[in-house]
Amino acid sequence: MEPGKISERQLAFLMVTVLITTAIFWAPQLACRAVEQDAWITAHMASVWGILSVLVIIALARRYPGLTLIEYLPLILGKPLGKIFGALYIFWFLSQGAVIILQFAYFLNITLMPNTPTAVFMVTVIALCFYALRSGLEVWARVNEILLFIAVLTIVAVIVLPFDNMDFSRLLPLADHSPGQLIYTSTNSASWRGEVIIAGMFIPALASFRHTPRNLIISVVLVGFIVAAVEISAVAVFGGVLTGQKEFPFFSLARMISIARIFDRLEVLIVITLLLGTFFKICAFLYCSTLGAAQVFGFKDYQFLLLPLSVLMLALANNFFRGIPDMTDFLTHVFPGTALFSAELVIPLFLYLIAIFRPLKQVKES
């Protein structure tokens, strides 16, 4: 169904973009509100959850080579129940994409253009994603491979350059919160890390599978180090309490940078980084939803579904939340349940356990 092929490196780079884009803008303040200066510890703990998701989806991919997550659902659960779960995953892909669109629109509306309706940002980014997906998987996966280096360099610059304002004593006392509280807080950041599960929709399009497990684990761990570094930098500059009170600590860090009037106003680069990352992340979730819908309903091509599903994703984004407080409440209390403890880890683990106890020969006859 997907004629294009991508390399293992391109998939790994795409997963880094997917995992890091919204996490660095939302995870620091949510973690700091809960555990203050210990936020960076929860970022590393979240990687453990992400690695579990990688191991499960890789195990399923090895058991059902050449099939996407949506395609082997009926083989494991039977056709009727498998189609239902497939439809639920399609809705999850769409709803995740809608939340990403809205996060992007809120960010631009609050930080740069407060008088511009959020609908303008949402329509623009979904139109760009629609155009990119019409060009095929190989095209936008290759572009992401090129632009990711620029995004990572920008992120590293924002982490390091405010060093004159850093006081690392603000990170003390270390591990001041209970292990239970740290683990509970880590599930929030882990919900972004668990988005690596969408790799299950891309693995059949790989030219090779040899290094994919290693690459995906490295991607998860690398994102964990970057998010932890952002949280360390933010706490060292603002303190744990103030970081939790800020809407976008990472953006605030960029505004602090002013070195010899040469490195100044780097928040412009942050906006560009967010724009590029959001574009590729929405592309990934829109691709998964359209490809998955075609596979659930038995269509041979998914391209004709792009327009209706793009409109549906946009409609969901326009009706999910009434503002930043609603979104923050969702990300804090609801997001782990709708992501990590359902679509990202629990359901795939449940599928794998069934697949283990159900012989492959019998599965294929279903």
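Some observations on this one:
- The listed residue being over 20 Å from Gly78 (Cα atoms), surrounded by fewer than 21 Cβ atoms within 10 Å (Cβ to Cβ) and touching a residue at least 24 places away in the same chain (Cβ under 8 Å), out of Leu309, Leu316, Leu349: Leu316
- Check on Thr273, touching a residue at least 40 places away in the same chain (Cβ under 8 Å), in contact with a Ser or Thr (Cβ under 6 Å, 6 or more places away or on another chain) and buried (at least 24 other Cβ atoms within 10 Å of the Cβ): yes
- Listing of helices (runs of 4 or more DSSP H) fully contained in the range 282-366 that carry 2 or more residues being farther than 28 Å from Gly50 by Cα and polar (S, T, N, Q): 306-319
- Residues in the range 278-317 that are of a type in the set (Ser, Thr, Tyr) and at pLDDT 95 or above: Tyr287, Ser289, Thr290, Ser310.
- The set of residues in the range 125-148 that are of a type in the set (S, T, N, Q) and more than 20 Å from the chain's Cα centre (by Cα) contains only Ser135.
The values are calculated or read from the model by the stated rules, or taken from the named source; none is laboratory data. The shown structure was predicted, so the numbers you read here are calculated from the model rather than taken from an experiment. Positions of Cβ are backbone-derived with ideal geometry, glycine not excepted, and every protein chain shown enters the neighbour counts.
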